[in-house]
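Structure first, commentary second.
Any read-out appearing in this document is the output of simple, stated calculations on the displayed coordinates, not a laboratory observation. Please read these numbers as outputs of a predicted model, since none were measured by experiment. All Cβ positions, even for glycine, are placed from backbone atoms using ideal geometry, and neighbour counts span all protein chains on display.
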Amino acid sequence: MSQPTASADNAQRPLWVLDTNIVLDVFLFADPAAQPLREALAQAHIRWISTAPMREELARVLDYPHIAKRMDFYQRSFEDLLRDFDTHSHTVDVAQRAPLRCKDPDDQRFIDLALAQRAGLLSKDHAVLCMAKRLRALGVPYVGAVFT
């Protein structure tokens, strides 16, 4: 996959990488703490970048029995959630492996992309959050669990 065509509008919107739990908070759980992020995405104030493996991870997680129960509760389908992902994210090439290593290999792809693109990184994962200071020192403008 390749990066979307650059435009003046795209160049001025801040870049963000969202881990899978944040995506679920925004599009499935309707977490009140995710409301500002949901609005920023809906109004195209930010540019959420992702990779094909990130989408594949979301699809895998949506098949977990406890997530399927939540999808039933919120009346959201597998297709609805992947459509939300496709509508709001901009697929870019997989980033090269970053010099920082995450304790959780599933989270490494989010760190790699945030570093490569100098994008903000939203995650609730402790393995990512404990790296915030080092990530900021390498050019990631924000690392946290809440969109600011």
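For region 87-96, check the following and say yes or no: at least one residue is of a type in the set (Gly, Ala, Ser), within 26 Å of Glu39 (Cβ to Cβ) and under 11 Å from the mean Cα position of the chain (by Cα).
The answer is yes, given that some residue of region 87-96 is of a type in the set (Gly, Ala, Ser), within 26 Å of Glu39 (Cβ to Cβ) and under 11 Å from the mean Cα position of the chain (by Cα).
For region 116-134, which positions are surrounded by 22 or more Cβ atoms within 10 Å (Cβ to Cβ) and in a helix (DSSP H, G or I)?
Matches in region 116-134: Val128 only.
Restrict the check to region 62-69 and report whether at least one residue is buried (at least 18 other Cβ atoms within 10 Å of the Cβ) and more than 19 Å from Arg38 (Cβ to Cβ).
no
If I filter region 70-103 down to residues being assigned to a helix (DSSP H, G or I) and in contact with a strand residue (DSSP E or B) (Cβ under 8 Å, 6 or more places away or on another chain), which single residue comes out as nearest to Thr20 (Cα to Cα)?
Ranking the qualifying residues of region 70-103, first place goes to Phe85.
For region 35-51, which positions are out of contact with any strand residue (DSSP E or B) (no Cβ under 9 Å at 6 or more places or on another chain) and closer than 12 Å to Phe147 by Cα?
If the condition is that a residue be out of contact with any strand residue (DSSP E or B) (no Cβ under 9 Å at 6 or more places or on another chain) and closer than 12 Å to Phe147 by Cα, then Gln35, Pro36, Arg38, Glu39 are the ones that fit.
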